[in-house]
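Below: one structure, written as structure tokens.
Rule-based calculations on the coordinates, nothing more; no lab input. No experiment lies behind these values; they were computed from the predicted model shown. Here the Cβ positions follow ideal geometry from the backbone for every residue, glycine too, while neighbour counts run over all protein chains shown.
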Amino acid sequence: MSTKHVVILKNDAVGDLVHSLDAINNIISNLEIDKITIFISKMSKNFDFLFKHEKINIKIVNYNLTILNKISIFLYILFNKIERVYILAPKRFYYFLPIIFYKIKFYAICINNVKNYKRPSELIRRFLYKYTINDRSAVFKRKSTKIIQFELTSNNSSNEKYKVKSMSLSNNLKKHLPKNYFYFHAKKKILDELGWGVRELNIMFDKFLNYTEKVIFTKDIELDRNTEIFRNNFSCLDFKTNKYINKTKKIIFFDNIDGMDLYNVIVNSRKTIAFHGMMTNLASIEKKPVLDLFYCNIGNWNDYRNYRNSFYEFKPKYKNYDFIIPNKDIHKTLKKASFSLKK
């Protein structure tokens with residue numbers, strides 16, 4: 001019996017990858033498929049443990065495809081016997097592949113938007129074996145991208161919801177991770193837009209400590225001025241050097257943390273409080289309690305439509321997933337958040 005080999009094109013950010021896990025699980029659990037090659041982005045490579053399987057071969061490309069990336073994907077499909085291709089990242093380049101490889105079955109997420117915008121065009125969609133549409137022009141509530149991808153990849157052999165495999169803690173986490181804590185992620189871009197600095201963070205952390213024993217927080221992986229500010233004001237564990245500086249505070253800054261360590265910090269917390277994105281999405285995998293700070297800076301109708309689309313496309317739905325729109329006034333934000341912090 002011939003081996004059925006499929007390709008998944010999913011070079012997105014980590015948060016977007018999370019929304020594809022049910023779909024990827026559908027493909028893995030399809031008994032007709034023997035081999036899967038998945039192209040993911042460099043920013044997602046440290047989270048490949050979320051979908052590792054004996055069927056899967058992982059290849060790393062850039063989030064924004066380079067010419068070399070495009071050539072390598074093209075040649076891979078050309079010189080391997082591929083039965084089908086799943087386009088789960090709606091990159092323009094991918095939609096031209098079914099025209100060239102017309103004998104391969106292409107499954108794709110397509111985009112509709114206002115002013116009759118379509119990606120790909122109706123002409124190119126004729127070359128797709130199956131597609132589902134993410135209609136961003138819809139005025140009212142619509143399906144999330146997670147559901148759309150799940151429907152695209154459904155099969156008769158199995159449609160089980162994704163479950164992450166249990167993972168042991170690293171030595172750093174075994175030694176320094178408390179049992180009772182809230183987790184917060186300090187996203188610099190939004191903190192700057194809100195005008196929140198160390199003062200506001202301290203006010204927020206003090207509020208958290210009314211409901212939990214400790215607070216663990218992280219920041220974006222890039223080195224910036226907040227790195228030294230946080231190290232100077234809080235206890236700090238550097239995951240790159242394994243150096244721990246204890247300032248006898250109940251607030252600990254985990255620096256240079258990524259991949260499985262970061263995931264374990266999130267899913268072992270009593271509650272994840274973070275601006276909408278990667279961290280809230282990672283917490284949603286195991287339906288952990290979340291307070292999503294859904295930041296909006298609406299200046300015109302297009303801003304409103306973009307935030308609304310993001311809300312419908314990416315907000316998880318389950319009992320312990322709460323959200324608020326944060327205010328520049330930290331006290332007003334905490335007043336909004338109090339209903340969730342008390343849970």
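Structure values in brief
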item: Viscosity 0.692 mPa s, temperature 37 °C, Stokes-Einstein D of segment 5-153 from Kirkwood C-alpha radius, µm²/s; result: 210
item: Gain on full stretching of the segment that runs from I221 to D258 - 0.36 nm per residue minus C-alpha separation; result: 12.5 nm
item: Rounded to 10°, Cα long-axis angle of helix 330-341 versus longest principal axis of the chain; result: 70
item: Nearest-20 debye value, segment 171-341 charge dipole, Cβ charges on Lys, Arg, Asp, Glu; result: 560
item: Packing-based order for 114-123, 212-221, 46-55, using average beta carbon neighbours within 10 Å, highest first; result: 212-221, 46-55, 114-123
item: Farthest toward positive dipole pole in the chain [+1 Lys/Arg, -1 Asp/Glu at C-beta], among H276, N11, I147; result: I147
item: Residues C236, C296, C110 arranged by fewest to most Cβ contacts within 10 Å; result: C296, C236, C110
item: Average projected area [Cα convex hull, the chain], square nanometres; result: 19.1
item: Helix 198-208 vs. the chain, principal-axis angle (Cα, 0 to 90°, nearest 10); result: 90
item: Rounded to 5, percent antiparallel among DSSP beta bridges of the chain; result: 10
item: Links that overshoot a 29 Å alpha carbon limit, given the list K240/K343; K10/K317; K10/K188; result: K240/K343
item: Per-residue Cβ neighbour rank within 10 angstrom, fewest leading, V267, V290; result: V267, V290
item: Debye log10 I(q)/I(0) for segment 68-206, one point scatterer per Cα, at q = 0.12, 0.13, 0.16 Å⁻¹; result: -0.81, -0.87, -0.97
item: 10 Å-binned pair-distance histogram of segment 171-341 (Cα, whole percent); result: 9, 40, 38, 12, 2
item: Qualifying chymotrypsin sites (Phe, Trp or Tyr not before Pro) in segment 245-343, DSSP loop, other Cβ atoms within 10 Å at most 14; result: Y318
item: Cα-centred dipole magnitude for segment 5-153, charges only on beta-carbon of K, R (+1) and D, E (-1), debye, nearest 20; result: 480
item: Residue-span extension gain [K70 to C296] - 0.36 nm each, minus C-alpha spacing; result: 77.9 nm
item: Fully extended contour minus Cα-Cα distance, from R142 to D34, at 0.36 nm per residue; result: 35.5 nm
item: Lys, Arg +1 and Asp, Glu -1 on Cβ, resulting dipole of the chain about Cα centre, debye, nearest 20; result: 480
item: Förster radius 25 Å - calculated FRET efficiency between N62 and R125, Cβ distance, rounded to 0.05; result: 0.45
item: FRET efficiency, F96 to K163 (Cβ-Cβ, R0 35 Å, nearest 0.05); result: 0.50
item: Leading residue at positive end of dipole, the chain (Cβ point charges), from I190, P98, N327; result: N327
item: Under 15 Å from the Cα of K207 - aspartates and glutamates, other chains or at least 8 residues apart; result: D329
item: Antiparallel bridges, percent of DSSP beta bridges restricted to segment 5-153 (to nearest 5); result: 10
item: Equivalent ellipsoid dimensions for segment 38-112 as semi-axes, Å, which come from the Cα gyration tensor, largest first; result: 20, 15, 13
